[in-house]
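Reviewing the structure listed below.
The values are calculated or read from the model by the stated rules, or taken from the named source; none is laboratory data. What you are looking at is a predicted structure, and each value in this text was computed from that prediction instead of being measured. No Cβ is skipped: glycine too gets one built from the backbone with ideal geometry, and neighbour counts run over all protein chains shown. Only protein heavy atoms, including side chains, enter the accessible area calculation; ligands, DNA and RNA are left aside. Shrake-Rupley method; radii C 1.70, N 1.55, O 1.52, S 1.80 Å.
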Amino acid sequence: MELPRPNPMVLERRAEIVARLKEALPADTVIDDPRGLVAYECDALTAYRCPPLAVVLPRSTDEVAAALRICHAMDVPVVPRGAGTSLAGGSLPTADAVVIGVARLTEVLETDYADRIIRLQTGRTNLSVTGAVEADGFFYAPDPSSQLACAISGNIGMNSGGAHCLKYGVTTNNLLGVTMVLMDGTVVEIGGAYMDAGDLDLLSVICGSEGQLGIVTEATLRILPKPEGARPVLMGFDSSRVAGACVSDIIEAGVLPVAIEFMDRPCIRACEAFAHAGYPDVEALLIIEVEGSPAEIDHQLRLIREIAERHAPEVIRESTSAEESAAIWLGRKSAFGAMGQINDYMCLDGTIPVTELPLVLERIGELSAQYGLGVANVFHAGDGNMHPLILFDANKPGDLELCEQMGADILRLCVEVGGCLTGEHGVGVEKRDLMTVQFSREDLEAQLKVKDVFDPKWLLNAAKVFPLAVTEGRRP
Amino acid sequence: MTVITPASEAELADAVRSANAPFAIRGGGTRSPAATRPVLSTAALSGVVLYEPGALTLVVKAGTPLAEVEAVLAEKSQRLAFEPMDHRPVLGTSGEPTIGGALAVNASGPRRVQAGAARDFLLGAVFVDGEGTRVRNGGRVMKNVTGYDLARLQAGARGTLGVLTELSFKVLPVPERVATLALACDDPSRAVAEMARALGSPYEVTGAAWDAARMLLRIEGFAESVSYRAGELARLIPGLVPVDEDPWPALRDGAALAETQRDIWRISLRASHGAILAERLCGAGAKVTLDWGGALLWAAVAPGTDLRAQMADLGGHATRLRGEGNIPALHPDPAPVAALAAGLRQKFDPRGLFAPEG
């Protein structure tokens, strides 16, 4: 993976840039000492690191605008940062970039249960959005596994999903409005506490634009009443293929669970050791969750059980208590961490049509044998969003490169069967160079035109999302 | 008037490339009166490309009549959950609504309040931009954050960024049972308050409207679950009674207002502000109904009325669906936002071939 060479003209003016930022902003807002900058040298894609030129941590939209105006005037690249949990390198800096982080923007600005909205500053973490409204019986639906740490700004940038989006949708389906600062410092209000756009639906393209169109400082989100209850059921199968077929049958039968999660044996064992959720030791495990009143839950689980029985499951076990349900989810949501305790791994995020699950799992198995690298599979089976974890040894020379090659092959496979490179993590730098697998030159050019409009100088997070060769001539 | 009906995406792209004057893009023609420009019709770009009930996905050419799409889905007990409105009753037009037309205006019915809009069910789009370039964006899977979401940007863009040729959607199962509950209520503020109570409950209300005489709620799902939730809602909101009729298609289409000789407006605003504006407009003699728990207000007002002047303090936006005159049909955006929209149109349609008529 290559990053553009830092612009020497910008590096030369480092002192002047920092001075202008310090002059315009409160003293503790600007970080420029080398030790302080190290904290911002990477996000959760830790394989790549580069300390930025400076970091700005504003306390208001106005301060974000002030910092951007200076960078714009001085042609300084800017890398926006939420909580730094991107697995795709979305907030990886370059040496000539000023990182603008929203970590200090964490206030809830308004909560309205009658209109079912919350307006907040986007540095707030995903889980603490629900935290702000759950005592009153509401929640914010998108639930990425990193929800304890990740910020809403990053969720908007990557259009984050989660386990429960089979029913509730992803960020774009739950975002009503934003306050966003454009690269030139202009503050725009787009959408609000109402449902539809008047003219163009700009929110559509802002959500998921990976911080390339502006810095979102405030957001209006849809909140939902909590269901009366929810209950997961575990089902174990003796092959991934059968588990995949069971998922398709459940969906086709008209039952719509809130979540259908899949894990294979390596992942089950790691999660079980970590969370002691009582996962059975089987080849393939499904966690299926349904919601409603106790009677509604019983009814849906009965239907799901009937379908599953046709696929000869080894185990079917319903959760019998709130504690057990929590443990089941803790196991699933800790999957990445649990795997990390036993191995280095690279996490992929391709999506495939659900009907292709058996084929794709088989081909991933073949690739694993071919490359000699283990794979653990954990993913959102209901919507086809796969997270194969490729296991490698970071201390073994050449292993990371081998792992990246295998990852690329798996993502090519996802595209080949009608899917895409990334379902919820974003492209970042990680999948940037694979974009031409999924898109034609014309398809990419159309996307670049959008950035041309929002950020004509191509200063915002410009080394991400698109292959560098494609953006050559646009980037400064 | 000339009507160009390309038989393929390639022919359509050729027609756009060789054009030297603006078109009127036409799906089924249910929203447009007689065009004053050459018509570019998607009628021949029709048919289902791929339907996978087990993946809840449908790929369809943009000129496919909605009725055909719905029939194909019904065979597998599935449907388009966003309940696109039929513009014919309000506009007095003929023709057949198409899936492309529905997406181009982001046509979303009563279920929008719970399930989402047309844009929320869109998975991908292919369109031909103003330079005749074919662009594919999104795909046919439910979770996809690969690159910018240009597909969703087409929802509500009214063809001004490109001519839609192919669309993919997430579809949903048809529920086993549907029930409608009504509460006699001629006060819009009370109706909105009661709707908020219902929508704030865990009983999954998929329609919440006020037809000027009644507050109406809809619940859908498995039979046992529907009876259970109907009972709980009746406990929550005393006076709520089941009704046998299906009022939702008429509410979806603004049919109650269609009979009048007045201008018809559709206003998207904050639900609680829907109550405030309804009070104002009813007081001034307008005919008003509410949907989406109050977040969508339909109004029939005297011809030439500028409704926007009466909601300046409330936010949201008003679209004039029927009526003529100097008042723009779409709500003007604030200057910096309008500049972004204009910039995008300049990029995707530099020759202004798809600019709205008038």
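If you take all other residues with their beta carbon under 12 Å from the beta carbon of residue A:243, and give Lys and Arg +1 and Asp and Glu -1, the sum is -4. Remark: the protein assembly as shown carries 35 Å² of accessible area per residue (probe radius 1.4 Å; ligands, DNA and RNA excluded).
Net charge around residue A:393, counting only other residues with Cβ within less than 14 Å of its Cβ (Lys, Arg = +1; Asp, Glu = -1)? Value of the local net charge: -3. Computed from backbone phi, the HN-Hα couplings of the range A:392-398 come to 8, 10, 4, 8, 9, x, x Hz, rounded to whole numbers (Karplus: 6.51 cos²θ - 1.76 cosθ + 1.60, θ = phi - 60°; Gly and Pro given as x). Simple spin-label estimate for residue A:47 and residue A:366 gives 2.4 nm between the two label positions (7 Å along the Cα-to-Cβ direction from each Cα).
From the alpha carbon centroid of the range A:371-431 to that of the range A:171-213 is 30 Å.
Computing FRET efficiency as 1/(1 + (r/R0)^6) for residue B:75 and residue B:177, where r is the C-beta to C-beta distance and R0 is 22 Å, gives about 0.65.
Peptides A:270-283, A:453-466 ranked from most to least packed, by the mean per-residue count of other Cβ atoms within 10 Å: A:453-466, A:270-283.
Counting only other chains, and only Cβ atoms inside 10 Å, what mean value do you get across the residues of B:197-207?
4
Across chain A, Cα pairs under 8 Å and at least six residues apart give a relative contact order of 14 percent. Computing FRET efficiency as 1/(1 + (r/R0)^6) for residue B:246 and residue A:445, where r is the C-beta to C-beta distance and R0 is 30 Å, gives about 0.05.
Take peptide A:274-287, look around each residue's Cβ out to 10 angstrom, count Cβ atoms belonging to other protein chains, and average those counts.
Mean number of neighbouring Cβ atoms from other chains: 0.
Remark: accessible area buried at the A-B interface is about 6600 Å², both chains counted, probe radius 1.4 Å. Among the listed pairs A:451/B:61; A:457/B:347; A:226/B:287; A:333/A:396; B:61/B:287; A:22/A:457, those whose Cα-Cα separation exceeds 26 Å are A:451/B:61; A:226/B:287; A:333/A:396; B:61/B:287. Per-residue surface analysis assigns residue A:167 an accessible area of about 60 Å², computed on protein heavy atoms at 1.4 Å probe radius. A cut-off under 11 angstrom between Cβ atoms defines the neighbours of residue A:421, and their net charge, with Lys, Arg +1 and Asp, Glu -1, is 0. With the simple spin-label model, which puts each label point 7 Å out from Cα in the Cβ direction, the residue B:312 to residue A:276 separation comes to 6.7 nm. Packing, as the average of other Cβ atoms within 10 Å across residues, places the peptides B:102-114, B:300-312 in the order B:102-114, B:300-312, highest first.
Name the shape class, rounded, prolate or oblate, that the alpha-carbon gyration tensor gives for the protein assembly as shown, where a ≥ b ≥ c are the square roots of its eigenvalues, rounded holds for a/c under 1.5, and otherwise prolate holds if a/b is larger than b/c and oblate otherwise. The shape class here is rounded. At each listed q (0.09, 0.14, 0.15, 0.16 Å⁻¹), what is the log10 of I(q)/I(0) that the Debye formula gives for chain B modelled as equal alpha-carbon point scatterers? These q points yield log10 I(q)/I(0) values of -0.52, -1.23, -1.37, -1.48. Annotation for the range B:258-357: GluC sites (Glu not before Pro) lying in DSSP loop with at most 15 further Cβ atoms inside 10 Å of their Cβ are B:259, B:324, B:357. Across the accessible surface of the range A:230-336, with the other protein chains kept in place and a 1.4 Å probe, carbon and sulfur atoms take up 52 percent.
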